Amino acid sequence: MKPSTFYVYNASAGSGKTYALVKEYIKTLLLSNKEFPFKHILAITFTNKAVAEMKERIIDALKAFSEDVIPKEYESLLADIGNETPLTPTQIQAKSQIILKKIVYNYAAFDVSTIDRFTQKLIRAFAFDLKLPLNFDVALDTEEIILEAIDILISKTGTEKTLTKVIVDFALEKTDDDRSFNIEYDLNQIAKLLLNENDFEHVSRLRTKSLNDFIAFKSQLQKEAIALSNQIRTLSKNLIKCFEAQSIDHSDFSGSYLPKHFIKLSQGLFNVNFTAKWQENIESGPLYPKRVSTTNASVIDELRPQILHAFLETQQLISKYNFNRAVLKNLTPLSVLNEINKEVQSIKEERSLILISEFNTVVSEYLSQQPAPFIYERVGEKFKHYFIDEFQ
């Protein structure tokens, strides 16, 4: 089998990862038969400082190998490269001189880059396909854009009636939940969803919705919640009245659990448990203890279909009610998030910006529609070797 050309260097800071990567990079340069081998090698790291350090180490090593007398600090690197390649010291010296000269005259092609810079390069190659302005800039500090959008939104309160009401509702709901009293902090926390790739698609779908759309939907949900609540309470009250009409005492049921359950629902207390042990007997098990009179036991048995119907019906209604309340609870924050997103989009359009947090989603959405990836073709270069470094 052909040996793997993929290697992982997993080590702590200061243990020599960069030394190993620089050695592999130089080995690849020296062993290549291409005229400009560095044009076919891509080294990626995380910070500009790390880029400068890696470039400096590579250049310094090639410069040292080009000397007639190798500086002492590079003797071990030269020895390692000599042991791991078929090249002699004379060949390494000659090749180093040639490569170093070519790098100096083609420095832009000496591609050691940060992940952000490389991603920008890809995005620019796809700018037309992605319908981006050709002169766009990349916003690396996405949080700064978010904060600016929040400031703009807050500045509109007091002048735009509908927006003011929504922001006030948002603040009051946070207060009711014993959350922060700092509205700017709360807005910043919810706006972090805009930076999450998993939420990007869902948030984007809301852009066409106005605050009035959210308000109308909220009003509709509130009406539905009241209707559901009334249905649950009415069903429960009717069952309790039925027990009273049949002279069935609450103590006639095992532990009085069943009547207590429906009394609680009739009072609008819907935080009930639907996994209790007594509920397993609703359909066919005993609902009353042995001490209950034959007459009352017979009446309870006759009422079982009505009890079962009320139980299952209220269970479904409570499920709908809880879902309704959950949506209502998140609707105001969602409407605020949508307004922040609109301000972000406005800032982006005004300044021809694209957030770096959007890169993955924007590119993957486009490439997923293509018959095959063609990044190499659009970038205009083919990299044969990749080196990725992590500086801690």
**Request:** Collect the residues in the range 210-258 that are closer than 18 Å to THR314 by Cβ and not in a helix (DSSP H, G or I), keeping them in residue-number order.
**Result:** PHE253
**Message:** Looking at the range 131-143 only, could you name the residues that are more than 16 Å from SER352 (Cα to Cα) and either in contact with a helix residue (DSSP H, G or I) (Cβ under 7 Å, 6 or more places away or on another chain) or loosely packed, with under 13 Cβ neighbours inside 10 Å (or both)?
**Reply:** none
**Message:** Within the range 14-37, does at least one residue satisfy the condition of being open to solvent by 90 Å² or more (accessible area, probe 1.4 Å), farther than 30 Å from ASP116 by Cβ and more than 46 Å from the chain's Cα centre (by Cα)?
**Reply:** no
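Looking only at residues in the range 11-42 that are in a helix (DSSP H, G or I) and among the polar types (S, T, N, Q), which one is nearest to ASN106 (Cα to Cα)?
Looking at the filtered set, the residue picked out is THR28.
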**Request:** Please verify whether the range 60-67 includes one or more residues that are under 16 Å from ILE103 (Cα atoms), out of contact with any His (no Cβ under 9 Å at 6 or more places or on another chain) and surrounded by fewer than 16 Cβ atoms within 10 Å (Cβ to Cβ).
**Result:** yes
**Item:** Matching residues in the range 197-219 - criterion: being in contact (Cβ under 8 Å) with a residue 24 or more places away in the chain and farther than 14 Å from ILE340 by Cα
**Value:** GLU197, GLU201, ASN212, PHE214, ILE215, PHE217, LYS218
**Message:** Being of a type in the set (Val, Ile, Thr) and either modelled with pLDDT of 95 or more or open to solvent by 80 Å² or more (accessible area, probe 1.4 Å) (or both) is the filter here; which residues of the range 293-313 pass it?
**Reply:** THR294, THR295
**Prompt:** So which residues in the range 101-118 are open to solvent by 30 Å² or more (accessible area, probe 1.4 Å) and within 12 Å of PHE46 (Cβ to Cβ), if there are any at all?
**Reply:** ILE115, ASP116, ARG117, PHE118
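For the subset of the range 81-100 comprising residues that are open to solvent by 50 Å² or more (accessible area, probe 1.4 Å) and touching a Phe, Trp or Tyr at 6+ places or on another chain (Cβ under 9 Å), which member is farthest from ILE59 (Cα to Cα)?
Applying the first criterion (open to solvent by 50 Å² or more (accessible area, probe 1.4 Å)) to the range 81-100 yields 83-84, 86, 88-91, 95, 97-98.
Okay, now just the ones that are also touching a Phe, Trp or Tyr at 6+ places or on another chain (Cβ under 9 Å), so 89, 95, 97.
Numbers: PRO89: 18, LYS95: 13, GLN97: 11 Å.
This residue is PRO89.
The values are calculated or read from the model by the stated rules, or taken from the named source; none is laboratory data. Bear in mind the structure is a predicted one, so any value in this text is a computation, not a measurement. Backbone-built Cβ (ideal geometry, glycine too); neighbour counts: all protein chains shown. The protein model used for the area step is the full one, side chains on, heavy atoms only, and it has no ligands, DNA or RNA in it. Shrake-Rupley method; radii C 1.70, N 1.55, O 1.52, S 1.80 Å.
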